[in-house]
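**Q** This is the structure, below, for whatever I ask next.
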4 protein chains.
Amino acid sequence: MSQLAAPFEHEVEVRYGETDQMGVVYHANYLLYFEEGRTKLMAALGLPYAEVERRGCALAVRKAALRYRSPARYGETLVVRTWIEAVGGASIAFVYEIVRKAGGERVAEGSTELACVDLRSAARPVCMLPDELRAILAPTRPPAPPS
Amino acid sequence: MSQLAAPFEHEVEVRYGETDQMGVVYHANYLLYFEEGRTKLMAALGLPYAEVERRGCALAVRKAALRYRSPARYGETLVVRTWIEAVGGASIAFVYEIVRKAGGERVAEGSTELACVDLRSAARPVCMLPDELRAILAPTRPPAPPS
Amino acid sequence: MSQLAAPFEHEVEVRYGETDQMGVVYHANYLLYFEEGRTKLMAALGLPYAEVERRGCALAVRKAALRYRSPARYGETLVVRTWIEAVGGASIAFVYEIVRKAGGERVAEGSTELACVDLRSAARPVCMLPDELRAILAPTRPPAPPS
Amino acid sequence: MSQLAAPFEHEVEVRYGETDQMGVVYHANYLLYFEEGRTKLMAALGLPYAEVERRGCALAVRKAALRYRSPARYGETLVVRTWIEAVGGASIAFVYEIVRKAGGERVAEGSTELACVDLRSAARPVCMLPDELRAILAPTRPPAPPS
């Protein structure tokens, strides 16, 4: 069972097109940063997401929660910290924290729950997570969801 | 005090560019549908969001929660139902429900909390919601957040 | 052969998330407005794009050109005018013009060339446009590409 | 006068949310890759775009052209090559080429023309590019626009 000792960190740089007329990152775009964090974490664990889909299984977001602390601006570098909070029979829960690289101020935090979906069926029912995938995706810290 | 008797409904049609390679609407885009629902609700109440910004006040999303029930696909027409759940001194809470226009199946639901932010200050501190705005934005149903 | 006499018009309303920190619509989003214009035109001609994909054929954008005249802002209603400029053996060329609904000022114009791609093949080679599709998609005005 | 000897290269990795249901990068997103290429080039020349806006000047895209050669897929790393093609009194023209990092296959190419816009005026008229900016942004190769 792979496990990362330290929190998994990935840097993203805010793009111009990710801002809105308030002059800060548009709130929906944090879900893209979360996604980038979790796919990088999965790749670091040896399970690139593209490999998951090649096995006929997609991880569909079923639930998401976000808490915005401080606005991020164009050109800033953000650090996305990602943890696997829980791995169920057919789902995986991730927790995220985004901080400013310069200074470390908290920008946002959140969580997503992903369900395993059968890509080979047109109806795409929820399916059990293959054992070999579950073995790789062990929780990376004790559960502590953002409040 | 304006108040809408029935749930406020707004239709959106799924754009091609809003799908992802899973063949369904990319999960972050539901936040755009929520936003469209709430801006249409505000306009229906006589307070277009652009008018809010002209008064030097922005409504910044501070919290969001989403629950995905059934995937939406390109070309489908969705109905976004939006309610004002609560109006605080410096924030407004909205609740949403998205259903398929054809058949009425539940697609997603969620909530967002918006904080009033002072656009005239570079630091953009949270500020009190002007009284005349709060008068317009009364809750449109008893609180019942998505679980 | 179906043919629209007048220019085909479709309205879009600028969403908040489509703006950037310059306070105007982010330039890439005009390609989404063009797309909405052409899919609405195709539907009006009796050939919804979803139907094209159901026949195993996708229309992939191969070329695009845009000319920005005047910035569009959040909340504005825009009118997208779309024409079919040319229909080749394996491609279709569309021309677009976007104007402000209020006042009619020119906002942007452009063109896209779409190639017919075989969705049933993993390699997705360019394929001939089925005759029954080509019959529907006749040019809707004499060629006059934006300069 | 700064000048880069070799073509300026910047890597981007395709995000899941940048794909569409065709299973490839949505065509509008290449404009974001172009933008990332040109802002990285400007930063490398010692003129970060944020600095341009701090001087009260925005660079607004006035024209764009794209040619798509081969679809890019989720997870792939792309190399964006950017050149400054021409610097006029009030505008700058950039040329781009995107290739697959693995193998070097051509994915897309294009150009954008940016106009200098006065951010301090509500009307945002086109203004002359400040001399000190023009001095930095010299063309980085002989003009050879994509056909």
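**Q** Check whether at least one residue in segment A:2-13 is facing another protein chain (nearest Cβ under 9 Å), at pLDDT below 95 and under 12 Å from the mean Cα position of the chain (by Cα), and report yes or no.
**A** no
**Q** Okay, moving on. Within segment B:51-85, restricting attention to residues that are crowded, with 17+ Cβ neighbours inside 10 Å and among the small types (Gly, Ala, Ser), which residue is farthest from the other protein chains (Cβ to nearest Cβ)?
**A** Per the stated criteria, the residue is B:72.
**Q** Let me ask something else about it. Mind listing whichever residues of segment A:61-90 are without any contact (Cβ under 8 Å) to a residue 60 or more places away in the chain and of a type in the set (A, V, I, L, M)?
**A** Scanning segment A:61-90 gives A:61, A:64, A:66, A:72, A:84, A:86, A:87, A:90.
**Q** If we scan segment B:48-67, do we find a residue that is at pLDDT 90 or above and of a type in the set (Asp, Glu)?
**A** Checked against the condition, which is being at pLDDT 90 or above and of a type in the set (Asp, Glu), segment B:48-67 yields no hits at all.
**Q** Another one. Among the residues that make up segment C:15-36, is at least one of them away from every other protein chain (no Cβ under 11 Å) and either basic (Lys, Arg) or out of contact with any Cys (no Cβ under 9 Å at 6 or more places or on another chain) (or both)?
**A** Checked segment C:15-36: no residue is away from every other protein chain (no Cβ under 11 Å) and either basic (Lys, Arg) or out of contact with any Cys (no Cβ under 9 Å at 6 or more places or on another chain) (or both).
**Q** For residue C:89, are the conditions met, namely being on the phi > 0 side of the Ramachandran plot, assigned to a loop (DSSP other than H, G, I, E, B) and either surrounded by fewer than 17 Cβ atoms within 10 Å (Cβ to Cβ) or more than 18 Å from the chain's Cα centre (by Cα) (or both)?
**A** So residue C:89 does not fit the description; no.
**Q** If only one of A:117, A:95, A:107, A:61 is within 18 Å of residue A:24 (Cβ to Cβ) and either basic (Lys, Arg) or part of a strand (DSSP E or B) (or both), which one is it?
**A** Just a single option satisfies the conditions, and that option is A:107.
**Q** So the check is Cβ under 6 Å with 6+ separation or different chains; which pairs have a first residue in segment B:7-19 that's farther than 26 Å from residue D:29 by Cβ and a second one that's among the aliphatic types (A, V, I, L, M)?
**A** B:8/B:41; B:9/B:79; B:10/B:80; B:11/B:79
**Q** Name the single residue, out of those in segment D:77-92 being among the aliphatic types (A, V, I, L, M) and more than 10 Å from residue D:137 (Cα to Cα), that is modelled with the lowest pLDDT.
**A** Once the filter is applied, the top-ranked residue is D:90.
**Q** Answer yes or no as to whether residue B:30 is of a type outside the set (A, V, I, L, M, F, W, C), crowded, with 22+ Cβ neighbours inside 10 Å and either outside any strand (DSSP E or B) or without any contact (Cβ under 8 Å) to a residue 60 or more places away in the chain (or both).
**A** yes
**Q** Also, I was wondering about something else. Please go through (1) in a helix (DSSP H, G or I); (2) within 22 Å of residue C:98 (Cα to Cα) for residue C:50 and return the number of the only condition it doesn't satisfy.
**A** Exception for residue C:50: condition (2).
**Q** Further question: Which of the numbered conditions does residue D:87 fail, given that it passes all the others? Conditions: (1) under 20 Å from residue C:67 (Cα atoms); (2) in contact with a strand residue (DSSP E or B) (Cβ under 7 Å, 6 or more places away or on another chain); (3) of a type in the set (Val, Ile, Thr).
**A** The one condition residue D:87 does not meet is (2).
**Q** Got a number for residues in segment A:94-119 being surrounded by fewer than 21 Cβ atoms within 10 Å (Cβ to Cβ), more than 14 Å from chain B (Cβ to nearest Cβ) and not charged (D, E, K, R)?
**A** 4
The values are calculated or read from the model by the stated rules, or taken from the named source; none is laboratory data. What you are looking at is a predicted structure, and each value in this text was computed from that prediction instead of being measured. Methodologically, a virtual Cβ is constructed for each residue, glycine included, from the backbone with ideal geometry; neighbour enumeration extends over all protein chains shown.
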